[in-house]
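No lab work stands behind these numbers, since they all come straight from the coordinates. Keep in mind that this is a model prediction, so the values were computed, not measured. With ideal geometry, Cβ positions are generated from the backbone for all residues, glycine too; neighbour counts draw on all protein chains shown.
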Amino acid sequence: MRSLLSVLLVVFVAVVSAISTTGDRLLVILEDVADKASYSTFLGDLESRGFKIAFETPKSESLSLFHLGERAYDHVIFFPTKSKGLGPNLTPQILLQFINAKGNILLTLSSGTVAPTSFVSLLAELDIQLPVDRTGLVVDHFSYDSASAADLHDVLLLPAPENLRRDVKNFFGAAESDDEVIAFPRGVGAALGSGELLTPILRAPRTAYSYNPKEQAEVVDDLFGAGEQLALVSAFQGRNSARFTLVGSAEMLQDKWFDAKVKAVGGKSATVQTFNRKFAKQVSGWTFQEIGVVRVNWIEHHLNEAGASNESNPAIYRIKNDVAYTISLSEWSWSSWTAFKVPANDELQLEFSMLSPLHRLHLKLDPAQSSPEAAAYTVSFKAPDQHGIFNFKVNYKRPFLTNVEEKNTVSVRHMAHDEWPRSFVISGAWPWIAGIGATVTGWVAFCGLWMYSASPDKKLAIKKTQ
Amino acid sequence: MSANSVQVLANAGKGESTRTLLRVIILLLIAGAAIASRLFSVIRFESIIHEFDPWFNFRATRYLVAHGFYKFWDWFDDRTWHPLGRVTGGTLYPGLMVTSGAIYHALRALTIPVDIRNICVLLAPAFSGLTAYAAYLLTNEMTPSPSAGLLAAAFMGIAPGYISRSVAGSYDNEAIAIFLLVFTFYLWIKALKQGSMLWGALCALFYGYMVASWGGYAFITCLLPLHAFVLICMGRYSTRLYVSYTTWYALGTLASMQIPFVGFLPVKTSEHMPALGIFGFLQLLAFLDYVRSAIPSRQYQTFLWLFASGTFGLGLLVLVVATSAGVIAPWSGRFYSLWDTGYAKIHIPIIASVSEHQPTAWPAFFFDLNMLIWLFPAGVYLCFQQLADEHVFIVVYALFGSYFAGVMVRLMLTLTPVVCVAAAIAISNVLDTYLDARSPNPEDHQVDDVSDGTAKKAAKSGLKSTSKPVVGVYSTVSKSIVATAMTAYLLLFVLHCTWVTSNAYSSPSVVLASRLPDGSQHIIDDYREAYQWLRQNTREDAKIMSWWDYGYQIGGMADRPTLVDNNTWNNTHIATVGKAMSSREEVSYPIMRQHEVDYVLVVFGGLLGYSGDDINKFLWMVRIAEGIWPDEVKEREFFTPRGEYKVDADATETMKNSLMYKMSYYNYQSLFPPGQAQDRVRGVRLPDVGPTLNVLDEAFTSENWIIRIYKVKDLDNLGRDHASAAAFERGHKKKKANKKRVARLLRVD
């Protein structure tokens, strides 16, 4: 019954929102609305995935991310603008408020324009650092496109990103062949702080570095960053799972680089079609919550003991009870909910904690309760011998996946006065029980003897008087 | 005519049944007076539960009435001591709640639907009437004078020392425990006098009830053996003593062990060992008594010495070994603090921090007992004159009661009954002597003296005055002077008692009353305002962190889970709260997160001049936290270099950065014109710039700023620390790391 309901729910939800799990209102901010022509393929792809796109310029009077305290848009794309500031409608506070309200932002930079101060201070809050002069150029003298940037070496050719860690699902990258190439023309590299909410999607190759072509044309003395410390495309996911992506090169999303043929320096083949279009889809899809969205369908825990009531989610357990816990998870993948599969090298864990975890257990996939739309993970265990207020806690936070932080509070009570084993069951108590029995019978026997035995003195006395 | 009517009245008072009727009427009137004088607070405020502990008792009673006895017995309370919870059913004295529950159900059965709250509010006054009756019975056992008992009942009914804990609304264990205490003593005396197993068993029954009601039962557990021991030492061992004591001990101990909170304590802890020891000693004496009747006295002497010393030595050895091996728990800290009043302050700050555990100030004796305190020694002296077994009891009780009352304010309560009894004996003695209308014929006396003069002299004490012929007492003048003086004293006593009750003991302390300049009463209701706010505006499982004083009230009035409360069973947990209050925000925040705190409640009296606020209690929080984390919290750092405890501009950095200080004075400056901010409790001017709070949001401040509630912020959505997040909100720009010329930390994935 429950699984049927959840299936119905899944179907219902899938029909209602066909693209992103958070909404389809997309705002694109450009210097000039006419500029959108150069991004027509990218925007067309987004539109074909169901987004309703609105265009604005930063200085527009009508631009407002909020309407009556609610978000007016679900997602925002910023293309590079020339102005130094962004005006009163896009202060860093408002942008931060937008993220806190679960809005997603895709921010693009370009080495040709100086990043507005508004973005710089927003990025500083996210612990992302741009080069000192708010612009920079990433070059690599070993892997550039010899067709278009033979002199400046500023069009980097990069392999599609590999898996970040062994236990993380890879959302970005080529599925089939390994020799896909991403062109990263005239982009800005950023340095990421070490916070766990930040993840690089695309890192610069080991031989790349960033410099300022205007001030450091002759000699590069003070290097902002080099090698893999330069993040070209980086992702930030807030605790509320709002996503923010920084793309160092806006140009890579333009039509000309979607179709471009590039030639790696010293490459074996002649020219290769860039991977940019697919990569743009992956990056925008991830940012706008079309992939990597994990949903908790239901959580159920119950007493797992023979003869006990089968009540779901009771508020109270007893110490040393056997308890079963199940959580059902789905993952949104472009257009439908699918069963969430934990990566092979990873574990979904349940903590049973009071102040600190008293149990940390591996949740196993339960095929009986799973369906193509939802996967159920379950574990059963014995409650600790400690009463208190405990939490069933699933805290599954991985890069690129929305945060799963579920806390269900239950009380674990002590043994009630009639739940202990009776004294005659405990063998150690037998001597004492025997002692009590002996005392009782002895007492009764003594009383009987006392009452029914005639006093010898009396008899004697009677005899004497006689 | 008037002489005739007096005659008629006098004659009417002589019949036995008339006297009984009169006594019943007088006792009923005394009970009525006792109840009525405890109703000040109900009339002035409303039918409300007072103070702190009564709120827990009230909550527990409601639980009992709602869920039944067995649920109550096994009650696991998950709304206090979050997240540890409290095994409440096993850690309370259920007598009070069960009594109210029984009354509630009895009234229901009689189809009188009374709200459980009203039963709880009026339970203490009702039982004070019974206490007066018990005092009457006890005193009657001491003296043949019929008036002494009635006087004792009257004293007991209105003595402030007892009223202090039993006004309407003071729904605490003491409400019924004092009645049980006096009544158990009465039954003990009765059993001892008659050597009756029946009375001994009744005594044990009420002792069991007492154990179920109040932790002070240990007073009985120690006093009865002591009485028995003193009797034995006086050479008054008798089968009466044997029968009554053994009956009481065996049945009483079994009864007391039925209470889960007491459990095996009667055979494990040192406090209960005297009772057990005397029990064993009595068995030995009985055995020796038997032996003496069986063998010649010469051999008996030797046998006695060998046997007695051997047993004593053996017993002592067993006790020492058992204590050091840990079988018998050593004396608890609370017990030590009864001997050395400075002990608690050094070793157990949590006990010392309670004001009612402080040593009594001398004026308190007069305040609580008025003229009884100087009649008390006279009564004890009169007991010495007769010195039967029961008088020895009064003497022993008087000695120990006085000592303990001197050590702890709260134990004034156990002294009051014996003071009432002794004073009643003294007064009745005076009145009996001086109000006797007849003038005895001196010659009769003379003849009497001569007839058995030698015997009397031997029996009489060595005081010379007693052997002289009595002069002056018979004159009408002296009689009327003494009678008038006594009447005046008694009237003054009633006045004093009423005044004390009305002014000192009838404040609910939940509601504060003050006078406006025009003399009208002004009610300050901040506590209930704040608790109501919590009840209406927070989630039902929102955890409230406050100092433990307010735990019971939050649980009872706001119905929200608390971290610590007045049942101070877990010192570490209290110290954790103390540490959170006395540390910097960055230290406190992880503690609050770990304990899932949603709101923090502080009491601040600075605006109103309410001196019982948290800043004044703050040093106790620091001390208790320092007991557990001596490296992290240091009391010294809260004092200025000159050793002063300051909250103004001279306050130390540790003080200014502590969460408690910040919560108390947050935004307080905005009430005043610049530079005029003033703390009216400490009487100091505060610095112009108030503290900033980063991890908390102000959620509520009551009308007079007495209660301030703060909401604990969630973790920052972007993973920043709260200080920089708050700085960003205020519009400060983040300092660029590059400008500092510090090597950037490389990111490792």
Open item on the list: How large are Rg and Dmax for segment A:161-273 when calculated on the C-alpha trace, in angstrom?
Closed with: 15.8, 46
TODO: Please give, to one decimal in nm, the separation of the simple spin-label points placed at residue B:523 and residue B:322, each 7 Å out from Cα toward the Cβ.
DONE: 5.6 nm
Task: Neighbourhood net charge (10 Å Cβ-Cβ; Lys/Arg +1, Asp/Glu -1) for residue B:699 - done: -1
Open item on the list: I need the calculated FRET efficiency for the pair residue A:305 and residue B:47, taking r as the beta carbon distance and R₀ as 45 Å, to the nearest 0.05.
Closed with: 0.45
TODO: Taking the dipole about the Cα centre of the protein assembly as shown, with the C-beta of Lys and Arg at +1 and of Asp and Glu at -1, give me whichever of B:305, B:161, A:224 is farthest to the positive side.
DONE: B:305
Task: Value at 222 nm in deg cm²/dmol, rounded to 500, when DSSP H runs of n ≥ 4 in the protein assembly as shown each add -39,500 (n - 2.57) - done: -14000 deg cm²/dmol
- [ ] Taking the Cβ of residue A:115 as the centre, find all other residues whose Cβ is under 12 Å away and add up their charges (Lys, Arg: +1; Asp, Glu: -1).
- [x] +2
Open item on the list: Taking the number of other C-beta atoms within 10 Å as the exposure measure, put A:419, A:373, A:56 in order starting with the fewest.
Closed with: A:419, A:56, A:373
Open item on the list: What FRET efficiency comes out for residue A:223 versus residue A:150 if R0 is 35 angstrom and r is the Cβ-Cβ distance? Round to the nearest 0.05.
Closed with: 0.90
Open item on the list: Could you give each residue of segment B:697-712 its phi-based ³J(HN,Hα) in whole Hz, using Karplus coefficients 6.51, -1.76, 1.60 with θ = phi - 60°, and x for Gly or Pro?
Closed with: 10, 5, 9, 7, 9, 6, 3, 9, 6, 6, 10, 10, 10, 10, 9, 7
- [ ] Quick one: compute the contact order of segment B:508-564, relative version, from alpha carbon pairs under 8 angstrom and 6+ residues apart, as a percent.
- [x] 28 percent
Task: Convex hull volume per residue in cubic angstrom - Cα atoms of the protein assembly as shown - done: 292 Å³
Open item on the list: Just to be sure I understand: if I project the alpha-carbon convex hull of segment A:293-418 onto a plane and average over all orientations, what area do I get in nm²?
Closed with: 8.5 nm²
Task: Rg/Rh ratio calculated on Cα atoms of segment A:20-289 (Kirkwood radius) - done: 0.94
TODO: Pull up all non-local amide H partners of residue B:262: gap of 5 or more, or a different chain, and H-to-H distance under 5 Å with H placed in the peptide plane.
DONE: none
Task: DSSP-defined antiparallel bridges as percent of all bridges, chain A, nearest 5 - done: 80 percent
Open item on the list: Skipping prolines and chain starts, which residues have an amide H placed within reach, meaning under 5 Å, of the one on residue A:76, given they are 5 or more residues away or on another chain?
Closed with: A:27, A:104, A:105, A:106
TODO: Take B:552, B:489 and order them by how many other Cβ atoms sit within 10 Å, fewest up front.
DONE: B:489, B:552
- [ ] At q = 0.07, 0.09, 0.14 Å⁻¹, what is the base-10 log of I(q)/I(0) for chain A according to the Debye formula with one equal point scatterer per Cα and no solvent? Please give it to two decimals.
- [x] -0.49, -0.71, -1.31
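Among B:621, B:663, A:252, rank each residue by its count of other Cβ atoms within 10 Å, from fewest to most, as a rough exposure measure.
Ranking B:621, B:663, A:252 by Cβ neighbours within 10 Å, fewest first, gives B:663, B:621, A:252.
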Task: Order by protection proxy (mean Cβ within 10 Å, highest first), peptides A:404-412, B:29-37 - done: B:29-37, A:404-412
Open item on the list: Given points 7 Å out from each Cα along the Cα-Cβ axis, report the residue B:69 to residue B:491 separation in nanometres with one decimal.
Closed with: 5.1 nm
Task: Counted charge near residue A:83, where neighbours are those whose Cβ lies closer than 9 Å (Asp, Glu -1; Lys, Arg +1) - done: +2
Open item on the list: Please list, in order, the residues from segment A:296-319 whose amide nitrogen is less than 15 Å from a point placed 7 Å along the Cα→Cβ vector of residue A:380.
Closed with: A:300-313
- [ ] Express the relative contact order of chain B as a whole percentage, based on alpha carbon pairs under 8 Å and six or more residues apart in sequence.
- [x] 12 percent
Task: Calculated FRET efficiency for the pair residue B:300/residue A:450, C-beta based, R₀ 41 Å, to 0.05 - done: 0.90
- [ ] Give a residue-ordered list of calculated ³J(HN,Hα) values for segment A:206-212 (Karplus: 6.51 cos²θ - 1.76 cosθ + 1.60, θ = phi - 60°; whole Hz; x for Gly, Pro).
- [x] 4, 9, 8, 8, 10, 8, 9
- [ ] Please give the peptides B:144-150, A:197-203 ranked by average Cβ packing (other Cβ atoms within 10 Å per residue), highest first, as a rough proxy for protection.
- [x] A:197-203, B:144-150
Open item on the list: Take residue A:362 and residue A:83, extend 7 Å from each Cα along the Cα→Cβ direction, and tell me the distance between the two endpoints in nm.
Closed with: 5.7 nm
TODO: Search the structure for amide H atoms under 5 Å from the amide H of residue B:524, placed 1.01 Å from N in the peptide plane, and list their residues when 5 or more places away or on another chain.
DONE: B:512, B:513, B:514
Open item on the list: Taking 0.36 nm per residue of sequence separation and subtracting the Cα-Cα distance, how much length would be gained by fully extending the chain between residue A:94 and residue A:271, in nm to one decimal?
Closed with: 59.3 nm
- [ ] For chain B, count the residues as N, evaluate 2.2 N^0.38 Å, and divide the Cα radius of gyration by that value, please.
- [x] 1.16
Open item on the list: Mean Kyte-Doolittle hydropathy of 1.0 or higher plus an axial Cα length of 24 Å or more: which whole DSSP H helices in chain A meet both?
Closed with: A:430-452
